[in-house]
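What follows is a short report on a single structure.
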Amino acid sequence: MMTLMQACQIVDEAREEAIIVTTMGAMGATDQLAPQRPLTVACVPLMGGAASLGMGLALARPDRTVMVLDGDASLLMELGGLVSVAQAQPDNFFHIVINNGVQFAGLGNLQTPGHSGIDFTGLARAAGYRACYRFDSAEQFAAGITEVLSGPAPAFVELAVSHNDATLGPANPAVEMTDARFTRMGDELRDIRARLGAGRA
Amino acid sequence: MTHHSHYAVTASDVIAAFQRCGIDHVTTVPDMLQIALHDALEREPGIRQINCTTEDQAIEVASGLWAGGARVAVLVQNQGFYAGINSLRALGLDSKIPLLFMIGQFGREWSNLGQDPRQSSRRMVRMLEPLLELLDIPYWRLEGPGDASHIDTAWRASRERSGPAALLVGHFIGFDAVESAS
């Protein structure tokens, strides 16, 4: 088991010029590691959409590596997306799933459907991903990520990740969503588009 | 007897409009009314058709393609459009991504052809335009052979507004060879 921060740190160190799509827990950890990192977009608030957003980027820019930092519950919301990716076969697409077995990790820690042993790599393999991996520790993932990124794609990576204790409770009964949570995805997509030199509307 | 070609644009007219707009990708969950177009797109080398398993994905893939510089149309059915509202809200409306939709009016009764689709007896058909107005999404009807130019207009509107624009496909898109032989 690795922590979420360890997982995102390893990805950040390996990304080079890759485009990264984050969502949910990975979005928060990536924000902490490197706020406003170029070529990074948070798929929010749109749980489930990260892989398809990343697939569009990968298909438009086959010259770029695209990495998606998905969540287990997020993936389950659009599980058929595994088939869409496999059908389109973007060979620059790397789908990394943070599997911590809960929704609202660190906030409410509600069990994810299938938390007790769903075989994510088996699902991806059956859908038609060209390579599937699972890493259970930060050491394994750090040692293996270079091989993953140089291997066949679309590739699927499941990471066994721990989660922090829930913080929502009587002493902290509510959290408010900021305005930026509703505008950042568009701003970040426009920034990526500009950095890629994709000028025409 | 229903003269279907009176109420339809043809696949070649749509593709010609797509080419005028520079559209190079289509994302879709295929629509029964647009089968002729889907079929023609499979033979059109300049436009890649990407089939998705849900309309959410079709909208998300289209948005990613846009961010990468592609020019995209989203082909769905009315009930699929209803299913994809949250992705539309997130990407088309909140994120202001230009998205061109072609939405098939599945389930429209033939007695309503040539009439106002808001007067359709089918809820699935008559709720589409009021919903688009609620969402502040401009739309144009494709109700006959002369309406293909609306595609160009809707494309421009989606770019100028930085958001969604919709074409409502009122009847089965025509198969060119069959239509010309009849």
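Restricting attention to the range B:92-109, which residues are within 17 Å of the chain's Cα centre (by Cα), within 11 Å of another protein chain (Cβ to nearest Cβ) and surrounded by fewer than 23 Cβ atoms within 10 Å (Cβ to Cβ)?
B:Pro98
Residues A:Ala7, A:Ala60: which one is crowded, with 19+ Cβ neighbours inside 10 Å and within 14 Å of another protein chain (Cβ to nearest Cβ)? Quick ask: steps written out before the conclusion?
Details: A:Ala7 fails: within 14 Å of another protein chain (Cβ to nearest Cβ).
So the residue among A:Ala7, A:Ala60 that is crowded, with 19+ Cβ neighbours inside 10 Å and within 14 Å of another protein chain (Cβ to nearest Cβ) is A:Ala60.
One line per residue, one yes/no per condition, for (1) assigned to a loop (DSSP other than H, G, I, E, B); (2) out of contact with any helix residue (DSSP H, G or I) (no Cβ under 7 Å at 6 or more places or on another chain); (3) at pLDDT 95 or above:
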position	(1), (2), (3)
A:Asp91	yes, yes, yes
A:Ile98	no, no, yes
A:Ala105	yes, no, no
A:His115	yes, yes, no
A:Gly122	no, yes, yes
A:Cys132	no, no, yes
A:Ile145	no, no, yes
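Among the residues in the range B:164-176, are any surrounded by fewer than 20 Cβ atoms within 10 Å (Cβ to Cβ), under 30 Å from A:Leu196 (Cβ atoms) and within 14 Å of another protein chain (Cβ to nearest Cβ)?
Looking through the range B:164-176, none of the residues is surrounded by fewer than 20 Cβ atoms within 10 Å (Cβ to Cβ), under 30 Å from A:Leu196 (Cβ atoms) and within 14 Å of another protein chain (Cβ to nearest Cβ).
Can you name the residue in the range B:1-39 that is within 14 Å of chain A (Cβ to nearest Cβ) and free of Cβ contacts under 8 Å to residues at least 60 places away in the same chain and is also farthest from B:Ala58 (Cα to Cα) among such residues?
Ranking the qualifying residues of the range B:1-39, first place goes to B:Gly22.
Those residues that are touching a Pro at 6+ places or on another chain (Cβ under 9 Å) and at pLDDT 95 or above, I need them from the range A:150-181; list them, please.
A:Ala153, A:Pro154
Looking only at the range B:82-91, decide whether some residue is among the β-branched types (Val, Ile, Thr), surrounded by fewer than 18 Cβ atoms within 10 Å (Cβ to Cβ), part of a loop (DSSP other than H, G, I, E, B) and more than 10 Å from every other protein chain (Cβ to nearest Cβ).
No, the range B:82-91 has no match at all.
Would you be able to say whether some residue in the range A:62-80 is of a type outside the set (Phe, Trp, Tyr), free of Cβ contacts under 8 Å to residues at least 40 places away in the same chain and closer than 21 Å to A:Thr183 by Cβ?
no
Looking for whichever is modelled with pLDDT under 95 and not charged (D, E, K, R) here; the options are B:His3, B:His38. Which one fits?
Numbers: B:His38 fails: modelled with pLDDT under 95.
Just one listed residue meets the conditions, B:His3.
A:Asn100 is checked against (1) within 12 Å of chain B (Cβ to nearest Cβ); (2) crowded, with 24+ Cβ neighbours inside 10 Å and fails just one. What number does that condition carry?
So A:Asn100 meets the others, but not (1).
Within the range A:7-33, track down each residue that is outside any helix (DSSP H, G or I), of a type in the set (A, V, I, L, M, F, W, C) and out of contact with any Gly (no Cβ under 6 Å at 6 or more places or on another chain).
A:Ala18, A:Ile19, A:Ile20
Go through the range A:63-84 and count every residue that is more than 9 Å from chain B (Cβ to nearest Cβ), buried (at least 24 other Cβ atoms within 10 Å of the Cβ) and among the aliphatic types (A, V, I, L, M).
The number of residues fulfilling the criteria is 5.
Among the listed residues B:Gly69, B:Gly144, B:Gly46, B:Gly114, which satisfies the condition of being more than 18 Å from the chain's Cα centre (by Cα), surrounded by fewer than 24 Cβ atoms within 10 Å (Cβ to Cβ), away from chain A (no Cβ under 14 Å) and within 23 Å of B:Phe18 (Cα to Cα)?
It is B:Gly46.
The values are calculated or read from the model by the stated rules, or taken from the named source; none is laboratory data. Only a predicted model underlies this, so the values are computations on that prediction, with no experimental measurement involved. Note: ideal-geometry Cβ built from the backbone for every residue, glycine included; neighbour counts use all protein chains shown.
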